[in-house]
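Please treat every number below as a calculation from the coordinates, not as lab data. It should be emphasised that the depicted structure is a prediction, and the values quoted were computed from it without experimental measurement. Methodologically, a virtual Cβ is constructed for each residue, glycine included, from the backbone with ideal geometry; neighbour enumeration extends over all protein chains shown.
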Amino acid sequence: MVCIVCGNTQTAGLAPWHTTCPACHYESAALSVAINQHTGPEVNEAEREAGLKALRLENFRAIVQYAKRHARPRARSLLDVGSAHGWFLETAREDFEVLGVEPDAVVGSRAAARGLPVRAGFFPDVLKEGERFDVIVFNDVIEHIPDIRSALDACRERLNQDGILILNLPNSRGFFY
C-alpha cells in the first residue's frame with residue numbers, strides 16, 4: 001500500500017488491517033466502511049457518554065476557542081463533519097451557526113432529536129448546492145474517510161474565502177491510541 005502523505009511504501013502495522021509508513025510515520029487502517037450495517041456488537045452509548053463526554057467537551061471547548069481566534073472576523077457558519085452525538089455542535093453553537101453531518105443514521109437521529117441541526121448522510125453529498133462555511137471541523141473523522149484527498153478537495157470547495165479547516169486527529173502518542 002502506498003502512503004497517501006509521502007508516496008512511500010507502507011509496512012505492516014499492529015494488526016492485519018493496520019499499516020504504517022516508515023518514512024513519515026503516517027498510520028492507516030484498511031477497514032471496510034460498514035456504517036448503518038450494525039453487524040458487530042452494539043455499542044453501549046450510555047457507557048460511551050459516561051466514559052468520554054467530559055474529556056471530549058474539554059477538547060471541544062479548546063477547538064472552539066481556536067476557531068474563534070483564527071477564523072476571519074464575524075465568521076459565523078461552522079460545519080461539523082461526522083458530528084456523532086452532537087457534543088461538538090452543543091459546544092460550538094454558543095459562538096457559531098452550526099450544522100452537523102453524520103453518516104450513522106441512528107447516532108445522527110439521536111442528536112437531531114435533541115434539537116441539534118444534523119443531516120443524515122455523507123460529506124459532502126448531503127450539503128446543498130452552493131452551501132459554504134466559515135469553519136469546517138473534522139473531530140476524529142478524517143482518518144475514517146477512504147478517499148482523504150477528495151474530502152479535502154470538497155472542503156476547499158465548501159469553505160468561504162478565508163475560511164478555516166480544523167482537523168482533530170488521533171496521535172500515536174495520545175491518550176486513546
For the chain, modelled as a Gaussian network with Cα springs under 10 Å, which listed residue fluctuates most, VAL106, VAL118, VAL137? VAL106
Sorted by Cβ neighbour density within 10 Å, fewest at the top, the residues ILE136, ILE142: ILE142, ILE136
For the stretch 107-124, in residue order, the Karplus 3J(HN,Hα) values (coefficients 6.51, -1.76, 1.60; θ = phi - 60°; whole Hz; Gly and Pro = x) are 5, x, 5, 5, 5, 5, 5, 8, x, 8, x, 10, 9, 7, x, 9, 7, x
Residue by residue through the stretch 15-25, which ³J(HN,Hα) values in whole Hz follow from phi under the Karplus form 6.51 cos²θ - 1.76 cosθ + 1.60 (θ = phi - 60°), with glycine and proline marked x? 8, x, 8, 9, 10, 9, 9, x, 7, 10, 6
May I ask you to sort LYS128, LYS53 by Cβ crowding, counting other Cβ atoms within 10 Å and putting the fewest first? LYS128, LYS53
When all alpha-carbon pairs of the stretch 72-177 are counted, what percent fall beyond 19 Å? 42
Partnerless Cys - the chain, beta-carbon criterion under 4.7 Å: CYS155
Using the Cα centre of the chain as the reference point, and only Cβ charges (+1 on K/R, -1 on D/E), how large is the resulting charge dipole? Debye, rounded to the nearest 20. 480
Could you pull out every residue, at least 5 positions away or on a different chain, whose amide H is within less than 5 Å of the one on ARG76? Hs are placed 1.01 Å off N in the peptide plane, and Pro or chain starts have none. ASP134
What does the chain give for Rg and for Dmax, in Å, if only its C-alpha atoms count? 16.8, 47
Gain on full stretching of the segment that runs from ARG61 to TRP17 - 0.36 nm per residue minus C-alpha separation: 12.5 nm
Kindly write out, for the stretch 73-79 in residue order, the coupling ³J(HN,Hα) from the Karplus curve 6.51 cos²θ - 1.76 cosθ + 1.60 (θ = phi - 60°), rounded to whole Hz, with x marking Gly and Pro. x, 6, 5, 10, 8, 9, 10
Would you please give the FRET efficiency between ALA105 and GLU47, computed as 1/(1 + (r/R0)^6) with r the Cβ-Cβ distance and R0 = 22 Å, to the nearest 0.05? 0.60
